[in-house]
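The values are calculated or read from the model by the stated rules, or taken from the named source; none is laboratory data. This is a predicted model, so every value here is computed, not measured. Counting neighbours? That spans all protein chains shown, and the Cβs are built from the backbone with ideal geometry, glycine included.
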Amino acid sequence: MGPVLNGLIQLQSVENRLRAGKAKLTRCRRNVVIQENQIRSLQNALEAKKEEVQLTKVQSDRLELELKSRDETIARLRASLNSAKTNKEYAAVLTQLNTTKADNSKIETQILELLRDIEADEAECKDIQKQIDEQKQQLERNRPEAGALADKYQAEINEIQVEWNQVAQTIPEKPLEVFKRVTETYDGQAVTVIDQQDDKKGTFSCGGCFMGITAESVNLLMTKDDIIRCPNCTRILVLGNQG
């Protein structure tokens, strides 16, 4: 292989380091974003729970008013019971009184259940708020460290990018364009080594997609400094140690 293919091999090595550096930077920044999203999610959950508490309180207050009104009705029925003039009238008022008391008992049970729900939800609100406070404290501790680490990774990326540019300048325009297009297709892995199966002499395959490569393509790489691409995956083929 000549200077073009050797240059592409070198550029692939730098490309790998460049993408690895960018991946580290992305992960570093993503960790902070993930924490921020977790805090927002907790805050949304807290607001939803507070709204639920408020709605439950409104329902409880409505039942309390209804119960108060029914207590007044019971008082009137008791007065009517004492002033009943006939057994029939007494029995009718007593039935209505007992029915109203039974309904009141059901309402009191509902109010107690709602109060228990409010108590449980308010306790959950306190727990969520505690989680928010802890997450915020952790984020404030992590943010400077993450920022410093991101600056370090960015500086490394900048250095590698300079190296990438220097190597790229040694490669002719057309091969360089092919390299760039294939890197975009295969997440940076444009150049791949041809593999030879030890148990089958003269049988070759692409190191990227593992599909067969003709001996003619291998011979061309041995004799010419031209780009030969895998007919299946289109990666740029280069020779390794064929033995």
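Test LEU8 against the criterion of being surrounded by 14 or more Cβ atoms within 10 Å (Cβ to Cβ), assigned to a helix (DSSP H, G or I), in contact with a strand residue (DSSP E or B) (Cβ under 7 Å, 6 or more places away or on another chain) and at negative phi, and give yes or no. So LEU8 passes the test.
Where residues in segment 23-69 are modelled with pLDDT under 95 and β-branched (Val, Ile, Thr), which of them is farthest from ARG141 (Cα to Cα)? Ranking the candidates gives THR26 first.
Yes or no: GLY147 part of a helix (DSSP H, G or I) and small (Gly, Ala, Ser)? Yes: the conditions hold for GLY147. Each residue in segment 161-195 was checked for being exposed (fewer than 15 other Cβ atoms within 10 Å of the Cβ), β-branched (Val, Ile, Thr) and in a loop (DSSP other than H, G, I, E, B), and 1 pass. Tallying residues that are more than 10 Å from ILE111 (Cα to Cα) and either among the β-branched types (Val, Ile, Thr) or touching a helix residue (DSSP H, G or I) at 6+ places or on another chain (Cβ under 9 Å) (or both) within segment 57-66 yields 2.
Check segment 196-217 and report whether any residue there is in contact (Cβ under 8 Å) with a residue 40 or more places away in the chain and surrounded by 15 or more Cβ atoms within 10 Å (Cβ to Cβ). Within segment 196-217, one or more residues are in contact (Cβ under 8 Å) with a residue 40 or more places away in the chain and surrounded by 15 or more Cβ atoms within 10 Å (Cβ to Cβ).
Could you tell me whether ASP225 is surrounded by 12 or more Cβ atoms within 10 Å (Cβ to Cβ), of a type in the set (Asp, Glu) and under 31 Å from the mean Cα position of the chain (by Cα)? When the stated conditions are applied, ASP225 does not pass them.
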